[in-house]
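Participant: Handing you a structure now.
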Amino acid sequence: MRSCVQQRRCSGLRYVLRLEQNQSRGQGDNWHLLNTLDGAEGLKDWSLDKLPNPNATDHLVFETVHSLLQHWPNTRMRNGHNIVPGTIPKGTLLYHGRDNNKLPANPDWFSADPEHSYSFCRKRGIVNPDHLQGCWHLTLATIRPLKVLYFDGSSAAKIPSGTMDTQDLLIWGVPGSGGMTEEVPRIRALCKWGREFDVDGFVRMEMDFEIMLCDISSGLSVVSFLNIVRPDSDPPNLSVLTLFETINAGSWHNRFPGETRIQLDLLGLVSFYDTQLVPSLVPIRAGQERWDHRVANTSNKDISAVKSRLEATLTRPADISSRIDWKTLIQVIVDRFAERLELTRYLLNLPATSLEEIIDRANKTQAQLRVMLTPYFHLSAVPPEPLENTPLDWTIPIYKYCATTHTSFMEILLGSMTESEKLILQAIRGTSREICRVVTKMWATGVYAGIDGKFNVKESLDVAELHRLRDTWAEDLERLVAWLDWSVWVKCNPACGPMEMCFLPTWPVGFPGAPNNRLPHPLDSDTPQERLFDFDSRHIVKRDVAEEVQITVRPEPNQWIRPHPRCIDRVHPYEF
């Protein structure tokens with residue numbers, strides 16, 4: 001029998017979702033199968049008017065997986081929803097700033113960028129004469145791969161709006177207050193939990209990425225431990241410079257491929273956007289903007305399911321997977337559509353008053369739509385004649401090939417996929433399907449209007465019809481862009497100058513303090529100095545750095561709640 005391509009005709013495709021009832025057959029709870037289907041039911045399933053289920057999270061899984069370990073999208077959408085195992089490769093340098101020359105004896109915080117760790121290289125409170133001339137900066141090297149767990153979002157930002165929910169639910173079963181005073185209990189509880197699974201540390205993000213290491217005596221070697229100039233000493237403004245350079249170092253990891261010194265294992269990804277794993281959040285998210293999504297109200301039953309999935313992931317045999325490079329596949333889809341959709345949106349927003357301008361904008365828009373669909377123009381997918389008042393069924397082969405081209409062959413691999421892979425597969429399918437539905441429908445309406453240049457070419461065009469077409473196009477595209485909500489489209493416009501950088505409000509700069517964040521100061525406390533510094537000196541430092549530079553912080557009202565990009569100076573005087 002000739003293949004589908006050789007026949008030049010393929011019967012319809014549809015998704016069949018098999019949920020819990022398939023577990024008894026060993027198929028798991030994220031089993032999605034493409035079946036061949038002919039007839040009216042197949043046409044209905046692929047209708048260009050069929051919108052995604054409002055409770056579906058395919059696009060949210062897609063975008064959060066695409067954003068993993070990228071600083072920009074995780075600064076914009078701070079409340080993380082993913083927990084992902086990974087490794088820090090052998091030979092990676094990690095940095096730590098402290099007020100004394102003693103190696104950390106307890107779990108502690110490290111950074112992959114020295115600009116970040118240097119901001120903690122200072123002495124706060126009672127000044128020990130031994131440290132008047134500087135502070136201590138430790139550099140370690142990994143001598144074996146370190147097993148880590150990554151919490152996405154701004155998971156090290158000490159604010160009460162949900163940034164730390166995923167880690168708190170994992171260890172405590174309830175969200176914390178977001179305050180600084182919980183940090184040492186949090187790192188100790190995480191390390192205690194991870195010990196059973198040989199986890200060496202945990203990765204989080206604030207101004208830059210940090211690694212919470214449980215035991216530096218295992219898998220690490222000291223490269224240097226230098227007594228260096230403190231960031232709060234001369235020359236003037238060194239503290240402000242240090243803060244800016246920490247933010248600058250974080251910006252190196254803004255976009256794909258993100259922080260590459262941490263290598264994630266997507267085969268073990270656990271997502272609170274998985275509606276089969278965490279159904280209790282579905283009604284809570286209903287009607288919410290994505291900014292407001294958080295995992296705090298996850299049911300106890302779903303928390304237990306998440307922990308069980310995560311524990312199974314951390315003990316999974318290495319040979320169980322499809323070996324598909326999901327990270328690259330998702331990036332391929334983003335590369336294919338992001339800039340073209342952005343250009344199409346730009347064309348639709350250009351002013352056009354004269355007939356020539358209106359026709360020119362319509363032709364250019366139609367050309368972009370055609371380009372996106374060109375690989376899927378099946379020879380059988382031609383409009384009927386006459387075209388007037390005929391349904392859009394003739395476009396379904398184009399729509400289907402566009403929507404399934406990256407995933408249709410994966411049916412034979414489903415048996416070897418982990419539950420995480422099946423979730424990512426469905427996210428790619430659902431996201432691709434909606435992109436292709438909207439683009440195909442927009443292109444087809446251009447054909448009906450007579451501006452395609454290949455089909456239904458009209459010698460004279462109706463201006464009123466073109467105005468309606470433009471409005472319909474713009475509405476459809478705006479809805480798609482809002483649904484996808486890709487952070488690659490969030491940028492400074494116009495672009496920043498050579499002495500500027502594009503900046504999103506990043507904790508702690510310009511953020512209000514979290515509840516219960518007041519910490520005892522060594523000068524007004526009976527707490528023994530050594531114990532106090534062991535408990536919270538890192539966060540006293542962070543608070544004091546922010547307070548030192550408040551004169552340079554000029555945030556717009558509530559910009560930290562709905563962060564939007566703007567240009568800031570890269571040289572003194574800094575304005576955040």
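The values are calculated or read from the model by the stated rules, or taken from the named source; none is laboratory data. Everything numeric here is computed off the predicted structure, so don't read it as measured data. Cβ sites come from the backbone with ideal geometry, for glycine too, and all protein chains shown count toward neighbours. Surface accessibility is based on the protein's heavy atoms, side chains included, excluding ligands, DNA and RNA. Shrake-Rupley method; radii C 1.70, N 1.55, O 1.52, S 1.80 Å.
Participant: Which whole-number percent gives the relative contact order of segment 225-368, counting Cα pairs below 8 Å spaced six or more residues apart?
Facilitator: It comes to 15 percent, rounded to a whole number.
Participant: Still on this structure, please answer the following. So if each residue of separation counts as 0.36 nm, and I subtract the Cα-Cα distance between Asp471 and Lys458, what length gain in nm does that give?
Facilitator: That works out to 2.7 nm of additional length.
Participant: Under 5 Å between amide hydrogens, which residues at least 5 positions from Glu500 or on another chain qualify, with H placed 1.01 Å from N in the peptide plane?
Facilitator: Placed amide hydrogens put Arg570 under 5 Å from Glu500.
Participant: Rank Lys50, Lys90 by accessible area, highest first, at a 1.4 Å probe radius?
Facilitator: Lys90, Lys50
Participant: Using a Förster distance of 25 angstrom, determine the FRET efficiency expected from the C-beta separation of Asn227 and His572, and round it to 0.05.
Facilitator: Numbers: r = 27 Å, r/R0 = 1.06.
Calculated value: 0.40.
Participant: Next question, about the same structure. Give the value in nm², to one decimal: projected area of the alpha carbon convex hull of segment 310-431, averaged over all directions.
Facilitator: Projected over every direction and averaged, the Cα hull of segment 310-431 covers 11.1 nm².
Participant: Here's something else I'd like to know. How much length, in nm to one decimal, is gained on full extension between Gln331 and Lys301, taken as 0.36 nm per residue of separation minus their Cα-Cα distance?
Facilitator: On the way: separation 30, 0.36 × 30 = 10.80 nm, distance 3.40 nm.
Here the segment from Gln331 to Lys301 would lengthen by 7.4 nm.
Participant: Return one whole number: the accessible area per residue of segment 166-276 in Å², for a 1.4 Å probe.
Facilitator: On a per-residue basis, 36 Å².
Participant: I would also like to ask the following. Name the residues of segment 428-449 whose amide N is less than 15 Å from a point 7 angstrom out from the Cα of Trp483 along the C-beta direction?
Facilitator: 428-443
Participant: Just to make sure I understand: if all protein chains stay in place, what is the order of Arg433, Arg479, Arg144 by accessible area at 1.4 Å, largest first?
Facilitator: Arg479, Arg144, Arg433
Participant: Starting with the highest mean, order 244-252, 212-220 by the number of other Cβ atoms within 10 Å, averaged over the residues of each peptide.
Facilitator: Working: 244-252: 20.8, 212-220: 18.7.
Ranked from most to least packed, the peptides come out as 244-252, 212-220.
Participant: Could you provide, to the nearest whole Å², the per residue accessible area of segment 368-424 with probe 1.4 Å?
Facilitator: Using a 1.4 Å probe on heavy atoms only, each residue of segment 368-424 averages 43 Å².
Participant: Read phi for every residue in segment 60-74 and hand back ³J(HN,Hα) as whole Hz from Karplus 6.51 cos²θ - 1.76 cosθ + 1.60, θ = phi - 60°, with x for Gly and Pro.
Facilitator: Using θ = phi - 60°, the values come out as 6, 4, 4, 5, 6, 5, 4, 8, 4, 6, 9, 5, 4, x, 7 Hz.
Participant: Right, here's the next one. In nm, to one decimal, how far is the modelled label at Glu196 from the one at Thr405, with both set 7 Å along Cα→Cβ?
Facilitator: Label-label distance for Glu196 and Thr405, simple model: 4.7 nm.
Participant: Among the listed pairs Lys158/Lys192; Lys192/Lys301; Lys327/Lys491; Lys364/Lys454; Lys422/Lys491, which are separated by more than 25 Å between their Cα atoms?
Facilitator: Beyond 25 Å between Cα atoms: Lys422/Lys491.
Participant: Carbon-plus-sulfur fraction of the accessible area of segment 136-203, 1.4 Å probe, in percent?
Facilitator: Taking all protein chains in place, segment 136-203 shows 58 percent carbon and sulfur surface.
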